[in-house]
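Colleague: Attaching a single structure in structure tokens format; questions to follow.
The values are calculated or read from the model by the stated rules, or taken from the named source; none is laboratory data. Everything numeric here is computed off the predicted structure, so don't read it as measured data. Methodologically, a virtual Cβ is constructed for each residue, glycine included, from the backbone with ideal geometry; neighbour enumeration extends over all protein chains shown. The protein model used for the area step is the full one, side chains on, heavy atoms only, and it has no ligands, DNA or RNA in it. Shrake-Rupley method; radii C 1.70, N 1.55, O 1.52, S 1.80 Å.
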Amino acid sequence: MTVQRECTLLDGKSVAAANVDELQLRVSALKARNGSRTPILATILVGEDPSSATYVKMKGNACRRIGMDSRVVKLGASATTSEVLHEIDVLNADELVHGILLQHPVPAQVDERQCFDRISLHKDVDGVTSHGFGLMALGRPAFGSATPAGIMRLLAHYGISVAGRHAVVVGRSPILGMPLAMMMLNANATVTICHSKTSNLADEIRRAEVIVGAVGRPHFIRSDWIQDGAIVIDAGYHDGGVGDIQTDGLAARCTALTPVPGGVGPMTISTLISQTLEAAERTTL
Ligand code: NAP
């Protein structure tokens, strides 16, 4: 028997929009303190991937909406690791730049991990460095990876605690699944991490009180694997506006659900600009 439930829509678009006024006020206050210097997020875009170019543009627009600036460094598709490292060194040394983002993914010939780890910790507003990850995982202050940190902010906004709950994160990428699992562990969830070598994925998901889709495959997680009353978070985004999780019938029987689009995505950008502002505020204390 299916139980009809009140499902909370975790509306990241509205939460991010509601945060804009506060961020604008903080930017104005910061400029008043630091001689009108505008905080800057610098983005490095390597190659011609149209989706990456769109994400970089959206991040620039989000900066301008709150009164910050963005700067884009573009490198060609054949750029080498050394060339990317050089640009990171230049931005690390530039006092006008408060946050650095290397747009993921970079072309295959570039060593992305080496490049991420070259970003100065205090400018790592996208939370991609190994150092930042280690601090975050140990519960020490660090900027969290933007998408998982955005998911945690979204849950907090709706007053949803994962403490004591069994969370199943499907995906273990360094920018999403793995840091999210650590954030949930630090928030006292009991965490299972699933990946491409997991056997009996459906059984693992059936036990989830909180299920996170971070796989990157459209509608890969079937709705009939998800238990009644679950909190459902879909980080996936694919052409046609579908996520990693099949949603048919879920709204009638889960406790909370992120829409796709409009759930996790807007929280990622909101977290990135909020962390950039925080980095700028720290340099002006
Ligand atoms: P990724 O680096 O490709 O990682 C995918 C993960 O899924 C890997 O850990 C992989 O396992 C796992 N996986 C693949 N096939 C599986 C299977 N059959 N069963 C179980 N696990 C499987 O992807 P990502 O960068 O984390 O992104 C994941 C999704 O999130 C994508 O749809 C992406 O577009 C979306 N995303 C959204 C945002 C946003 O702002 N909304 C930001 C980032 C990513 P292995 O480790 O074993 O290979």
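Colleague: Local charge sum around H238 (other residues, Cβ-Cβ under 10 Å, Lys/Arg +1, Asp/Glu -1)?
Modeller: That sum, taken over residues with Cβ under 10 Å, equals -1.
Colleague: Mean Kyte-Doolittle of at least 1.0 and a Cα length of 20 Å or more along the axis: which whole DSSP H helices of the chain meet both?
Modeller: none
Colleague: Give me the percent of DSSP beta bridges within the chain that run antiparallel, rounded to the nearest 5.
Modeller: 5 percent
Colleague: Let me ask something else. Dimensions of the stretch 35-121 along principal axes (Cα, Å, largest first)?
Modeller: Projected onto the principal axes, the Cα atoms of the stretch 35-121 cover 41, 28, 17 Å.
Colleague: Going by the alpha-carbon gyration tensor, a ≥ b ≥ c the square roots of its eigenvalues, is the stretch 146-265 rounded (a/c under 1.5) or, if a/c is not under 1.5, prolate (a/b greater than b/c) versus oblate?
Modeller: rounded
Colleague: Hey, how much of the P(r) for the chain falls beyond 23 Å, as a percent of Cα pairs?
Modeller: The share of Cα pairs beyond 23 Å in the chain comes to 54 percent.
Colleague: Got a sec? Charge dipole of the stretch 35-121, +1 on Cβ for Lys and Arg, -1 for Asp and Glu; which of V84, L102, G67 is way out at the positive end?
Modeller: Toward the positive end, the furthest listed residue is G67.
Colleague: In addition: Past 24 Å, Cα to Cα: identify those pairs from K57/K197; K74/K123; K59/K123; K13/K57; K31/K123, in the order given.
Modeller: Over 24 Å Cα-Cα: K57/K197.
Colleague: Within the stretch 146-265, what percent of beta bridges assigned by DSSP are antiparallel, to the nearest 5?
Modeller: 5 percent
Colleague: What is the Cα centroid distance between the stretch 168-243 and the stretch 62-138, reported in whole angstrom?
Modeller: The stretch 168-243 and the stretch 62-138 have Cα centres separated by 27 Å.
Colleague: Could you check which residue among H157, H98, H166 shows the biggest mean-square fluctuation in a GNM of the chain with a 10 Å Cα cutoff?
Modeller: Per the Cα network of the chain with a 10 Å cutoff, H157 tops the list.
Colleague: Turning to a different aspect of this structure: Wrap a convex hull around the Cα atoms of the stretch 80-189, take a quarter of its surface area, and give that in square nanometres.
Modeller: 7.5 nm²
Colleague: Excluding ligands, DNA and RNA, what is the solvent-accessible area per residue of the chain at a probe of 1.4 Å, expressed in Å²?
Modeller: 46 Å²
Colleague: OK, next. What part of the accessible area of the stretch 1-146, given as a whole %, is carbon or sulfur when the probe is 1.4 angstrom?
Modeller: Answer for the stretch 1-146: carbon and sulfur cover 53 percent of the accessible area.
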